[in-house]
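J.: My questions will all concern the structure given below.
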Ligand code: AMP
Ligand code: MG
């Protein structure tokens with residue numbers, strides 16, 4: 001049998017129309033936890049992408065429902081309402097997050113402190129309202145991480161002062177990003193990036209090349225101060241430009257120095273590289289409060305952690321690991 005012209009056309013059309021399973025990058029985005037959540041992953045089987053996206057976003061919404069300070073039904077709100085009166089039983093992952101938060105408080109001498117909220121909740125950035133000096137002075141004794149008493153046996157939390165409130169805003173997005181990466185892994189994904197606001201984690205690489213992650217220029221919204229190649233790592237940035245208002249010369253923003261109850265003002269941006277986003281997130285907030293010298297000392301003493309700090313004069317400072325890598 002010989003193939004005539006019609007045969008060839010037939011074979012060609014069949015090849016064009018056959019549903020060829022082609023691997024590709026898949027993207028999705030949604031507003032969760034009061035910020036933009038984006039994910040991108042390499043999908044070996046395009047037909048199966050949507051259930052993976054749904055599972056990741058559902059996981060992030062679940063973290064928000066548990067940890068949001070704005071939802072009265074969240075576990076966090078339940079704890080804030082009752083833990084000053086009596087020990088409150090909490091779920092295992094919440095307990096672990098509190099333990100991790102207290103760990104960062106201890107190693108930073110209280111620079112990272114989830115009880116910042118005892119004063120922090122008096123700020124309203126949208127309404128441009130800050131508490132008076134008298135209000136800050138009144139609530140300041142309730143900022144002290146040692147007032148958060150954990151009982152591992154009973155898995156409870158109790159506050160040792162009637163005015164204590166906690167907020168996990170400095171660590172929750174990183175935690176959510178780690179959980180999202182966990183979901184992607186369970187679905188067999190091995191190359192991905194998940195971002196929630198300033199917190200990202202990269203699984204694998206961009207198929208042969210690292211992802212280039214930009215550190216925003218702290219004073220030029222559309223520009224980058226520096227770009228960093230990242231693979232198989234988390235990357236978090238805390239900046240004083242994220243949530244703020246101006247009171248004359250003073251920038252009132254969302255990262256609070258637990259010693260004063262006022263916005264930390266020595267640096268304007270801190271980026272952290274660490275294996276997990278829960279750690280890069282907590283550390284970006286921690287180093288922001290500690291400032292250049294104490295912050296870089298802390299990071300230089302931690303294996304597998306690096307930092308880029310931008311000070312008030314917009315000068316960049318790098319941790320030892322990054323300086324070595326650049327040589
Ligand atoms: P980030 O989003 O990582 O830059 O962290 C900023 C958030 O952390 C704020 O919006 C607060 O919810 C929370 N936060 C502010 N100050 C502190 C602090 N000193 N320790 C722990 N969390 C803080
Ligand atoms: Mg952070």
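J.: Separation between the residue 185 and residue 137 pseudo-spin-labels, each 7 Å from Cα along Cα→Cβ, expressed in nm?
T.: My value for the distance between the label points is 5.1 nm.
J.: Now a separate question. What per residue convex hull volume, in Å³, do the alpha-carbon atoms of the range 186-294 yield?
T.: With only Cα atoms used, the range 186-294 gives 120 Å³ per residue.
J.: Here is a follow-up. Find how much the distance from residue 5 to residue 260 grows on full extension, using 0.36 nm per residue of separation minus their present alpha carbon separation; answer in nm with one decimal.
T.: Residue separation times 0.36 nm, minus the Cα-Cα distance, leaves 83.4 nm.
J.: Starting with the highest mean, order 127-134, 289-296 by the number of other Cβ atoms within 10 Å, averaged over the residues of each peptide.
T.: 289-296, 127-134
J.: Work the Kirkwood hydrodynamic radius out for the chain: mean of 1/r over every pair of different alpha-carbon atoms, inverted, in Å. Before the final figure, lay out the partial values.
T.: Values: mean 1/r = 0.0467 Å⁻¹.
It works out to 21.4 Å.
J.: With n ≥ 4 as the cut-off for DSSP H runs, can you work out [θ] at 222 nm for the chain, using -39500 (n - 2.57) per run divided by the number of residues, rounded to the nearest 500?
T.: On the way: 9 runs with 113 residues, N = 327.
Value at 222 nm, helices only: -11000 deg cm²/dmol.
J.: Nearest 10 degrees, 0 to 90: what angle lies between the long axis of helix 277-300 and the longest principal axis of the chain (Cα atoms)?
T.: 50
J.: May I pose another question? Please report how far the C-alpha centroid of the range 196-220 lies from that of the range 251-317, rounded to the nearest whole angstrom.
T.: Taking the Cα centre of the range 251-317 as reference, the centre of the range 196-220 is 18 Å away.
J.: Please find the FRET efficiency linking residue 107 to residue 22, where r is the Cβ-Cβ separation and R0 is fixed at 41 Å, and quote it to the nearest 0.05.
T.: 0.30
J.: Another one. Only Cα pairs within less than 10 Å get springs; with that Gaussian network setup on the chain, which residue of 180, 29, 47 has the largest fluctuation?
T.: 47
J.: Give me the three principal axis extents of the range 80-120 from the C-alpha atoms, as integers in angstrom, largest value leading.
T.: Computed over the range 80-120, the largest-to-smallest principal extents equal 27, 25, 13 Å.
J.: Here's another thing I want to ask about it. Rounded to the nearest 10 degrees, what's the angle between the helix 5-17 long axis and the longest principal axis of the chain, both from Cα atoms, 0 to 90?
T.: 10
J.: Binning every alpha carbon pair distance of the range 251-327 at 5 Å from zero, what are the percents per bin?
T.: 3, 17, 28, 25, 17, 7, 2, 1, 0
J.: Between residue 155 and residue 322, what is 0.36 nm times their sequence separation minus the Cα-Cα distance? Round to one decimal in nm.
T.: Taking 0.36 nm per residue and subtracting the Cα distance, the gain is 56.2 nm.
J.: Still on this structure: Helix 49-67 versus the longest principal axis of the chain: what angle, 0 to 90°, nearest 10, using Cα atoms?
T.: Rounded to the nearest ten degrees, it is 10.
J.: Can you give the FRET efficiency for residue 121 and residue 72, using 1/(1 + (r/R0)^6), R0 = 22 Å, r = Cβ-Cβ distance, to the nearest 0.05?
T.: 0.95
Only the coordinates and a few stated rules stand behind these numbers; no lab work does. Predicted model, so just to flag it, every value in this text is computed and none were measured. Because the Cβ atoms are built from the backbone with ideal geometry, glycine has one as well, and the counts that use them run over all protein chains shown.
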